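> Pasting a structure below so you can have a look.
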Amino acid sequence: QVQLVESGGGLVQTGGSLRLSCAASGLTFSSSTMGWFRQAPGKEREFVAVISWSGGMTSYGVSVKGRFTISRDNAKNTVYLQMNSLKPEDTATYYCAATRQYSTRALSYDYWGQGTQVTVSS
């Protein structure tokens, strides 16, 4: 049974930082591409970042590029999302997801976590 468990969300002021973690189990983490997506109320799920199985390739959504960094530790079966210079428009539920192929499309992902809430106050 695959489980993806996000943590690290919370309330932060504009300009602040948070680091999200996603602990994976029940899958071959070291061969999985891992992604972060987010969804704000009334909006569609949005691609945030993706990292290849080795960590050698990453991609970011336009709205977060230069502010967020995705990384992974295959020894700990964990993927991270470092979020800096946070803005109110970053407020959303953040989800990690796993897939076998490198993709920025939510439909390509097979497994999803329950999400962690990030709220950025102005």
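> Looking at the structure I just gave you, is Phe47 open to solvent by 30 Å² or more (accessible area, probe 1.4 Å) and hydrophobic (A, V, I, L, M, F, W, C)?
Yes; evaluated as a whole, the condition is true for this residue.
> Please find, among Arg19, Arg38, Arg67, the residue that is open to solvent by 40 Å² or more (accessible area, probe 1.4 Å) and at pLDDT 95 or above. Before you say what the answer is, go through the steps one by one.
Working: Arg38 fails: open to solvent by 40 Å² or more (accessible area, probe 1.4 Å); Arg67 fails: open to solvent by 40 Å² or more (accessible area, probe 1.4 Å).
From the options Arg19, Arg38, Arg67, the qualifying one is Arg19.
> Separate question: Considering only region 103-122, state which residues are closer than 21 Å to Gly26 by Cβ and either surrounded by 15 or more Cβ atoms within 10 Å (Cβ to Cβ) or small (Gly, Ala, Ser) (or both). Step through it out loud before you land on a result.
Filtering region 103-122 for residues closer than 21 Å to Gly26 by Cβ gives 103, 106, 108-116.
If the condition is that a residue be closer than 21 Å to Gly26 by Cβ and either surrounded by 15 or more Cβ atoms within 10 Å (Cβ to Cβ) or small (Gly, Ala, Ser) (or both), then Ser103, Ala106, Ser108, Tyr109, Tyr111, Trp112, Gly113, Gly115, Thr116 are the ones that fit.
> For residues that are among the charged types (D, E, K, R) and out of contact with any Cys (no Cβ under 6 Å at 6 or more places or on another chain), scanning just region 1-40, find the one that is farthest from Lys76 (Cα to Cα).
Of region 1-40, the ones among the charged types (D, E, K, R) are 6, 19, 38.
Restricting the remaining residues to those that are out of contact with any Cys (no Cβ under 6 Å at 6 or more places or on another chain) gives 19, 38.
Numbers: Arg19: 16, Arg38: 23 Å.
The selected residue is Arg38.
> Would you confirm whether or not region 98-121 contains a residue that is outside any strand (DSSP E or B), out of contact with any Phe, Trp or Tyr (no Cβ under 7 Å at 6 or more places or on another chain), hydrophobic (A, V, I, L, M, F, W, C) and under 26 Å from Gln1 (Cβ atoms)?
Yes, region 98-121 contains at least one residue that is outside any strand (DSSP E or B), out of contact with any Phe, Trp or Tyr (no Cβ under 7 Å at 6 or more places or on another chain), hydrophobic (A, V, I, L, M, F, W, C) and under 26 Å from Gln1 (Cβ atoms).
The values are calculated or read from the model by the stated rules, or taken from the named source; none is laboratory data. Being a predicted model, the structure only gives us computed values, none of them experimental. Using ideal geometry, Cβ is built from the backbone for each residue, glycine included, and neighbour counts are taken over all protein chains shown. Ligands, DNA and RNA are stripped out before the accessible areas are found, and what is left, the full protein with its side chains, is counted by its heavy atoms. Shrake-Rupley method; radii C 1.70, N 1.55, O 1.52, S 1.80 Å.
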